[in-house]
1. Work out the FRET efficiency for Glu128 and Ala60 from their Cβ-Cβ distance, taking R0 = 22 Å, and round it to the nearest 0.05.
2. Among residues other than Asn53 whose Cβ falls under 13 Å from its Cβ, what is the net charge (Lys/Arg +1, Asp/Glu -1)?
3. Helix 135-167: angle to the longest alpha-carbon principal axis of the chain, degrees 0 to 90, nearest 10?
4. List nothing, just return the count: lysine pairs in the chain, 8 or more apart or interchain, with Cα separation under 17 Å.
5. Using every alpha carbon pair in the chain, what percent of pairs falls into each 10 Å bin from 0 up to the bin containing the largest distance?
6. Give me the dipole magnitude in Debye, nearest 20, for the chain about the Cα centre, with unit charges on the beta carbon: positive for Lys and Arg, negative for Asp and Glu.
7. For the residue pair Ser89 and Lys164, what label-to-label distance in nm results when each label sits 7 Å from Cα along the Cα-to-beta-carbon direction?
8. Please report, in cubic angstrom per residue, the volume enclosed by the convex hull of the alpha-carbon atoms of the stretch 46-141.
Amino acid sequence: MSNTSHGLARSLHDVGLAAWFGGSLMGAVGLNGGAATASDPSQRAKIASAGWNKWTPVNAAAIGAHVAGAVVIAAANTGRLTGQKGVMSASVYKTVATAGALAATAYGRSLGKTISEGGSAPVEGVTEPGAMTPAELASAQRKERYVQWAIPALTGVMLVINAKMGEQQQPAEVVKGLVRRLNPLD
């Protein structure tokens with residue numbers, strides 16, 4: 001792989017993850033929090049749903065960019081994955097966090113659709129049902145209250161692992177990892 005395509009893959013990977021993390025965090029704090037302040041309880045979920053519906057295609061593109069970049073980077077680093085101690089385990093942890101973030105994102109979107117279909121039902125907040133909130137909508141809101149935080153938590157873990165993996169590419173770390181891999185006592 002050329003340095004240009006490697007740089008493009010890293011850019012897609014990093015920018016996609018940054019948008020996924022930042023968008024989910026802003027949505028949980030800003031969009032849901034802001035919509036919850038609407039004076040009319042029947043407009044709160046509706047306002048947040050409109051925002052999330054606009055964000056969904058952008059988020060899907062960000063996730064796609066991240067995953068596409070990750071696949072190219074993994075293919076380009078197969079030697080490091082098998083040859084440098086610590087790289088494979090970091091990659092496995094990141095893959096698990098990515099799978100969790102993908103699952104949480106898909107589930108959150110499913111819950112969001114239920115909330116959106118609730119239309120103008122009165123709610124206390126976007127993820128807090130009110131006394132007059134229909135049961136199906138209330139159930140989705142209660143679940144979304146937790147899922148909305150799982151996504152930035154898991155994508156945040158991915159960012160931390162990325163930082164660790166970046167440090168593993170420092171020349172001294174590469175040498176140390178190769179030596180540790182060759183040492184049967186380590």
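Every number in this text was worked out from the coordinates using simple rules, so none of it is lab data. Predicted model only: the values in this text are computed from it and were never measured. So basically every Cβ, Gly included, is an ideal-geometry build from the backbone, and we count neighbours across all protein chains shown.
1. Approximately 0.25, to the nearest 0.05.
2. So the surrounding residues net to +3.
3. Between helix and principal axis, roughly 20 degrees.
4. Close lysine pairs found across the chain: 9.
5. Result, from short to long distances: 9, 32, 25, 17, 11, 5, 1 percent.
6. The calculated dipole for the chain is roughly 480 debye.
7. 0.8
8. Taking only Cα atoms, the stretch 46-141 has a hull volume of 92 Å³ per residue.
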